[in-house]
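Undergrad: The structure that follows is given in the form of structure tokens.
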Amino acid sequence: MAVKKKDFSLESIKGKFSTKTKYKPDSFYDCGEEFADACGLQGPSKGHINMFLGHSNSSKTTAMILAAANAQKQGDLPVFVITERKWNWEHAVELGLQAEQNSDGEWDGNFIFNDSFDYIEQATDFINQILDAQDKGEIPYNIVFLWDSVGSIPCKMTFDGKGGKQHNAATFADKIGMGISARISKTKKEDVPYWATMVVINQPWVELPDNPFGQPEIKAKGGEAIWLASSLVFLFGNQKKAGINHITATKNGRTVVYATRTKISILKNHVNGLSYKDGKILAVPQGYIKDDKAAIEKYKKEFSEYWNKKLGGEGDFKLSEVFVPTEEEEFED
């Protein structure tokens, strides 16, 4: 006796098991035209974890503050998670952050600021509290967490003298890789009213090659969890070391650095896959300018009086000619 086959409809099966979540269009925080020209993206992507990775003095904090200032312009709420304790309000305001001192001498504005953390769990608990408040409608804003920097703080066990690198990495994996990352990425969904975004500055370490022909490779502190959770990783400078050089001025015979030349590229892009690998840029106290003679000459004209006042207001002040490294010298590792 023949077995009767059931009627089959692929559309019916797909209707039963397939789901198609609708997502918001990609949106970014703008770090400026010069930043975009250097690396191919205007800045951190909303609804994602974004990492600014690089050695010291490579302008990571400049980019973070520019992103925060642009968030304010968009009506979003910056939430500063400061663990490195090198924050400078005057510098942040000079870069465009809207903040002013109140009658008590405290800086205030359209942002949340917290620098009271001793270990990782305190910072991640704070972030989750902010996300809870956003979920409940108590914070009716798009929010962007700006953490400076994740590599500068231990987990509680290490803080208490009982742990080490592996415990720090495990804590980041649990708290960010398995928790905060999912909560932030959820806000990309069309039916979630507000974005949540994270920008983390991370200090690097350099993994040496395992053979004589290999190349050193930059690694993020805190293990692989934050790297894996990050949709965008911006690299500032070179992999082996900072790879920066300076533009100088002379004041009464003294040499003064007024700009830092660095590279900005994208190591990882899971947003749109686009990036440049050869972008160079100049970081100045007011933000970024292009690394070309015309941009430097324009800056010299606009800010020579600013620098004269900054350095005392008396005597001869002259911005130097543009330093152009040779091909062999340029950004050497």
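The values are calculated or read from the model by the stated rules, or taken from the named source; none is laboratory data. Predicted, not measured: the structure shown is a model, and the values here were computed from it. With ideal geometry, Cβ positions are generated from the backbone for all residues, glycine too; neighbour counts draw on all protein chains shown. All accessible areas refer to the heavy atoms of the entire protein, side chains included, with ligands and DNA or RNA removed. Shrake-Rupley method; radii C 1.70, N 1.55, O 1.52, S 1.80 Å.
Undergrad: When both residues are 6+ apart or on different chains and their Cβ atoms are under 9 Å apart, which pairs have a first residue that lies in the range 288-312 and is under 30 Å from Asp278 (Cβ atoms), and a second that is open to solvent by less than 60 Å² (accessible area, probe 1.4 Å) and among the acidic types (Asp, Glu)?
TA: Tyr288/Glu34; Ile289/Glu34; Lys290/Glu34; Asp291/Glu34; Ala295/Glu34
Undergrad: Still on this structure: Check Gly273, Gly222 and return the single one that is farther than 22 Å from Ser304 by Cα and surrounded by 20 or more Cβ atoms within 10 Å (Cβ to Cβ).
TA: Just one listed residue meets the conditions, Gly222.
Undergrad: Could you list, ordered by first residue, the pairs with Cβ atoms under 6 Å in which the first is in the range 54-82 and of a type in the set (Ser, Thr, Tyr) and the second is surrounded by 23 or more Cβ atoms within 10 Å (Cβ to Cβ), at least 6 apart or interchain?
TA: Going by the 6 Å Cβ cut-off, the qualifying pairs are Ser58/Phe236; Ser58/Gly237; Ser58/Thr262; Ser59/Phe236; Ser59/Thr262; Ser59/Ala283; Thr62/Ala283.
Undergrad: Would you point out the residue of the range 122-157, among those that are of a type in the set (Val, Ile, Thr) and modelled with pLDDT under 95, that is farthest from the chain's Cα centre (by Cα)?
TA: Looking only at the range 122-157, we keep the residues that are of a type in the set (Val, Ile, Thr), and these are 124, 127, 130, 139, 143-144, 150, 153.
Retained after the next criterion (residues that are modelled with pLDDT under 95): 150, 153.
Numbers: Val150: 11, Ile153: 17 Å.
Across the range 122-157, the extreme among qualifying residues is Ile153.
Undergrad: Could you please give the count of residues in the range 252-275 that are assigned to a strand (DSSP E or B) and either of a type in the set (Val, Ile, Thr) or out of contact with any Gly (no Cβ under 7 Å at 6 or more places or on another chain) (or both)?
TA: So the first thing to find is which residues in the range 252-275 are assigned to a strand (DSSP E or B), and the list is 254-269.
From the residues that got through so far, the ones that are either of a type in the set (Val, Ile, Thr) or out of contact with any Gly (no Cβ under 7 Å at 6 or more places or on another chain) (or both) too are 254-262, 264, 266-269.
Selection size over the range 252-275: 14.
Undergrad: Restricting to the range 210-254, what's the tally of residues that are in contact (Cβ under 8 Å) with a residue 60 or more places away in the chain and not small (Gly, Ala, Ser)? It would help to see each step written out before you state the result.
TA: So in the range 210-254, the residues in contact (Cβ under 8 Å) with a residue 60 or more places away in the chain come out as 216, 218, 220-222, 226-227, 229-252.
Going one step further and asking which of them are not small (Gly, Ala, Ser), we end up with 216, 218, 221, 226-227, 232-236, 238-241, 244-248, 250-252.
The number of residues fulfilling the criteria is 22.
Undergrad: Of the conditions (1) of a type in the set (Phe, Trp, Tyr); (2) closer than 30 Å to Lys241 by Cβ; (3) within 17 Å of the chain's Cα centre (by Cα), Tyr119 clears all except one; give me its number.
TA: In the conditions (1) of a type in the set (Phe, Trp, Tyr); (2) closer than 30 Å to Lys241 by Cβ; (3) within 17 Å of the chain's Cα centre (by Cα), Tyr119 misses (3) alone.
Undergrad: Can you tell me how many residues in the range 62-85 are outside any loop (DSSP other than H, G, I, E, B) and in contact with a Phe, Trp or Tyr (Cβ under 8 Å, 6 or more places away or on another chain)? Break it down into steps so the answer makes sense when it comes.
TA: First pass over the range 62-85, keeping only residues outside any loop (DSSP other than H, G, I, E, B): 62-73, 77-82.
Remaining after also requiring in contact with a Phe, Trp or Tyr (Cβ under 8 Å, 6 or more places away or on another chain): 62-64, 66-68, 70-72, 77-82.
The qualifying residues number 15.
Undergrad: Does Ser103 satisfy the condition of being outside any helix (DSSP H, G or I) and modelled with pLDDT under 95? Before you say what the answer is, go through the steps one by one.
TA: Details: outside any helix (DSSP H, G or I): yes; modelled with pLDDT under 95: yes.
Here the answer is yes, as Ser103 does meet what is asked.
Undergrad: So which of Lys136, Lys162, Lys156 is among the basic types (Lys, Arg), exposed (fewer than 12 other Cβ atoms within 10 Å of the Cβ) and over 30 Å from Pro25 (Cβ atoms)? Steps first, please.
TA: Values: Lys136 fails: over 30 Å from Pro25 (Cβ atoms); Lys156 fails: exposed (fewer than 12 other Cβ atoms within 10 Å of the Cβ).
One residue alone meets the criteria, Lys162.
Undergrad: Here's a follow-up. Being in contact with a helix residue (DSSP H, G or I) (Cβ under 8 Å, 6 or more places away or on another chain) and in contact (Cβ under 8 Å) with a residue 60 or more places away in the chain is the filter here; which residues of the range 93-119 pass it?
TA: Correct list: Leu95, Gly96.
Undergrad: Please pick out the residue among Asn102, Asn88, Asn57 that is open to solvent by 60 Å² or more (accessible area, probe 1.4 Å), farther than 27 Å from Ile281 by Cα and polar (S, T, N, Q).
TA: Values: Asn88 fails: farther than 27 Å from Ile281 by Cα; Asn57 fails: farther than 27 Å from Ile281 by Cα.
Criteria check complete, one pass: Asn102.
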